[in-house]
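Engineer: Quick one: structure below, then a few questions.
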């Protein structure tokens, strides 16, 4: 995965276990699993010890489809951790997958609100990056099955995932997914239960013969099957019984007999040190030499060679499995680990809390907070747990908010309401969730406790978090005070430089809102430099976005664009779709309203829409749609604007976003004004006013006043226009909103001029032109629209020098609008998908173009499959395809899997309906709109042969010969292609000779030679071509060329066939030079 995961990942959990030599293959079950691969969900359910994992490992080692693996444990009951490893399991097999989904998961603060958008992002990324069928195994699913969020996640995932995904759940208990009955009814589910997993007599015979060298009679095997009920663990114990016909000592779960077996055959036989290591490491989920050394070294009187001892454990097959790609980490068989833990509790109970405490410290040092938390919970010490959460908090708040929230909610309320660190963390989560006032209250309490204790690190963190809450509440001066105090406390402390960098950023945000923009830029740049020095890559693009906003505010538009593009590039590399959409929206706004670069704006908006749609970032999707609508309206593309506003309105209704629901009618009122529909504009404004007034937003009210003033001006009600536009301009200016202030002043000047108040209008316009910097495009646009009411000011002598360039730019924009509209129409529009138009080239190097884009074949075999179907004139079964293409494959299950996967890849590459299925027969879909050079070649030859005149024959032969750009399917080496290639080779030579003869017939020596040369490029020994070429040279009187042509013919014939030219050629040559 390209993006940082919320948790440190253990690759041993997502590595496919290696198949052990003694594992018995069970063809009966393997065949069933192969048949199940037509389903999206496969359930493997049986009690412990029935060989579920072994079966799936064996199946995975034989399967043609790629297999992803996730070994679940108790810690995965945490939903955020579970989803993180779910993604990691896919990314382990498909390295290009995961960046977008991890980027969507990491900042989540609520699964209740965001789970759907997360699953949509996940399934979209799977569809885009995994272009083949695959299997995802969740082993030991029973450990998490009772977590409702996880059940809901998997159920929805199966629903939304493409047909290429096959999810396997291996569990000791029946699975209860919410939509399981519907999935069963839709025939999407298959599975095995313990009755099918139980070993049958013939399998028991195979097991004992293979692993123990014992030949069992059918009667003994049947007796074993009856007494053990096919339980593989019991069967393995039976091997050590005193007699095969004696009563078999088996148990249905880990009981006395199983404990006795583990004790006699494993634990009691070991040297003292090894025995102790076995007992102590049973408390570990998995372990290696380094972890053992750091946790257990002090429990032994002498230093141990941990690598050697663990090697001994592995070599002696002490129920331990190597995990991970290098096998360095070890994990016990779960039944043996349970036995060891019971024995450790019995023999050394005092050592357990010591080992667990050291494990907590070791995991904490490694940043594996969730493992540390899992063990710490077992101490039943809330204060100890609270301390761990406080230490983990800063990291978890940035990477795993969902998990941190669950940890805090599990603490006693009295504790979480009294400890400053917990209050501060709850405040941090509060502002991330948008509960800013609650966050401020919690952070106020935390600050008070930290001040009373003079605990600087905790106080700094709390001040930084409260500065963000204050900023979001609009308390910019309070936010600035908190940020500045945090800066003073961290200035000289090297341990708190990360907090210093964030305080600088928050100071910059507050200064930007307070209108002190240049100081804000300085703060952002200092913060960016420090974050870069600290290698805090997550924060760098956010700082770049902040810098872009500040540069835009001070009119440094090139710097703003550069910062936005740098941030966008980072988020593209990380696959963070939500932040990409945010950056692209900022770029679109900059290009449109500031720089007037419409084409760049629309391209940015469209890419941003796509990103927002893919990750279900609905608020940004609606915001961008509104921006696009305003751009279209400005250019006079009113229907496109209306459609964009409708798209935004539908989303705003779904998410109940109050600001968007209030803003949209204002934008639609502007559109109506531009179209001259004043009554409709009035209705929009009248309908939305109660909602805006009730909301209490001065910004929204000012926007309403702006459009209400424009409407009054259009209706020639100058006094009302002046009154309402004055309110809008004052409100925008007081709030420091630059662009809105520009709009307000332009329209206020227009209203004042219309009302005959020329001096006031002149004063407003002079204020508008003050500052000396280049006017943003928004000013030019506003002047263009307000020109009917600005005529007097345009002619005003006192304004002529400063205002003339602005009016001239507005005139040029008006004149340029038709050209701009034409340019934008050339940009591809977002349309519904349809069957693609194909252009297929088979002569020379193959190429398939789908809707102007060259198809990128995932593998050579997929390309061969495409051309094989294309060239087959009759339907084919998968077995016929395998016989022609995959000569080394005779296993029906492997053929089925490979065909299924290759066909899926082909359909993903070209079109879902490129190959049609009728019963068990497959064929190329010839109803598609496609061009195929071989079809054209054969058609022209047919027309040439049927032509009534030489002119028609020559025309069609020339078209056919021009199509031949090289050997047919030159880069396809399959045997069927070679046979077809030889046939078309002969057909082309015949066509070329026929064309050359026609040219010779009409005394066209140049065309004759040209055509003969084409034939000889393909076959240098083609004597008819040599003969016609000699005729043409003779016609031109070029004796030397005749000799050269003959010599070339003779040399090629001698080189390839060790023969002279035919007598016909020899005779012709002698006649032509005689």
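Read the figures in this text as sums done on the coordinates, not as results from a lab. As the structure is a prediction and not an experimental result, all values here were calculated from the model. Cβ coordinates were reconstructed from backbone atoms using ideal geometry, including for glycine residues, and neighbour counts include every protein chain displayed.
Engineer: Given N residues in the range 933-1073, what is its alpha carbon radius of gyration divided by 2.2 N^0.38 Å?
Structural biologist: The range 933-1073 yields a ratio of 1.10.
Engineer: Next question. How much space per residue, in cubic angstrom, does the convex hull of the C-alpha atoms of the range 519-565 take up?
Structural biologist: About 53 Å³ per residue, rounded to a whole number.
Engineer: Same structure, new question: Classify the range 424-522 from the C-alpha gyration tensor, please: rounded if a/c falls under 1.5, else prolate or oblate depending on whether a/b exceeds b/c.
Structural biologist: Because a/c hits 1.5 or more and a/b fails to exceed b/c, the range 424-522 counts as oblate.
Engineer: Would you list 96, 781 from fewest to most Cβ contacts within 10 Å?
Structural biologist: Final ranking by Cβ density, sparse to dense: 96, 781.
Engineer: Starting from the exponent 0.38 and prefactor 2.2 Å, build the expected Rg for the range 254-368 from its residue count and divide its actual Cα Rg by it.
Structural biologist: Working it through for the range 254-368, the quotient is 1.02.
Engineer: Considering all alpha-carbon pairs of the range 502-589, what whole percent are spaced by more than 21 angstrom?
Structural biologist: That fraction is 25 percent.
Engineer: Give me P(r) over the range 698-750, computed from all C-alpha to C-alpha distances, binned every 10 Å, as integer percentages.
Structural biologist: Histogram of Cα-Cα distances, whole percents per bin: 32, 57, 11.
Engineer: Also, quick follow-up: Considering the convex hull of the alpha carbon atoms of the range 378-489, report its projected area averaged over all viewing directions, in nm², one decimal.
Structural biologist: Projected over every direction and averaged, the Cα hull of the range 378-489 covers 6.7 nm².
Engineer: Looking at the chain, what % of its DSSP beta bridges pair antiparallel, to the nearest 5?
Structural biologist: Given both bridge residues lie in the chain, the antiparallel proportion sits at roughly 45 percent.
Engineer: Using 0.36 nm per residue of separation minus the Cα-Cα distance, give me the extension gain between residue 879 and residue 978 in nm, one decimal.
Structural biologist: Length gained, residue 879 through residue 978: 33.6 nm.
Engineer: Now for a different question. Could you tell me how far the Cα centroid of the range 511-541 sits from the Cα centroid of the range 117-162, in Å?
Structural biologist: Comparing the Cα centres of the range 117-162 and the range 511-541, I get a distance of 39 Å.
Engineer: With the cut-off at 1.5 for a/c, could you classify the range 322-408 from its C-alpha gyration tensor as rounded, prolate or oblate?
Structural biologist: It comes out oblate by the Cα gyration axes.
Engineer: For the range 539-684, what does the alpha-carbon gyration tensor say about shape, rounded, prolate or oblate, given a ≥ b ≥ c as the root eigenvalues, a/c under 1.5 as rounded, and a/b over b/c as prolate?
Structural biologist: prolate
Engineer: Over the alpha carbons of the range 55-179, what is the largest minus smallest coordinate on each principal axis, giving the biggest first in Å?
Structural biologist: Extents along the principal axes: 41, 34, 25 Å.
Engineer: Once fully extended, how much extra length lies between residue 345 and residue 1002, figured as 0.36 nm per residue of separation less the alpha-carbon to alpha-carbon distance?
Structural biologist: Going from the current span to full extension adds 226.0 nm.
Engineer: Taking the Cα centroid of the range 996-1055 and of the range 312-386, what is the distance between the two, rounded to the nearest whole Å?
Structural biologist: Here the answer is 85 Å between Cα centres.
Engineer: Please state the Cα pair-distance histogram of the range 719-821 with 10 angstrom bins from zero: what percent is in each bin?
Structural biologist: P(r) for the range 719-821, in whole percents per bin: 16, 50, 29, 5.
Engineer: Another question, then. From Cα pairs below 8 angstrom and at least 6 apart in sequence, can you work out the relative contact order of the range 719-821, rounded to a whole percent?
Structural biologist: 24 percent
Engineer: Candidates [x] 45.7; [y] 60.6; [z] 62.6; which is the computed mean projected area of the Cα convex hull in nm²?
Structural biologist: After the calculation, the listed value that fits is [z].
Engineer: Counting only helical runs of four or more DSSP H residues, what would the 222 nm mean residue ellipticity of the chain come to if each run contributes -39,500 (n - 2.57) and the total is spread over all its residues?
Structural biologist: -21000 deg cm²/dmol
Engineer: Kindly state, to the nearest 0.05, the FRET efficiency for residue 1073 paired with residue 971, given R0 = 41 Å and r defined as their beta-carbon distance.
Structural biologist: About 0.45, to the nearest 0.05.
Engineer: How much length is gained if the chain between residue 379 and residue 951 is pulled fully straight, taking 0.36 nm per residue apart and subtracting their Cα-Cα distance, in nm to one decimal?
Structural biologist: 196.2 nm
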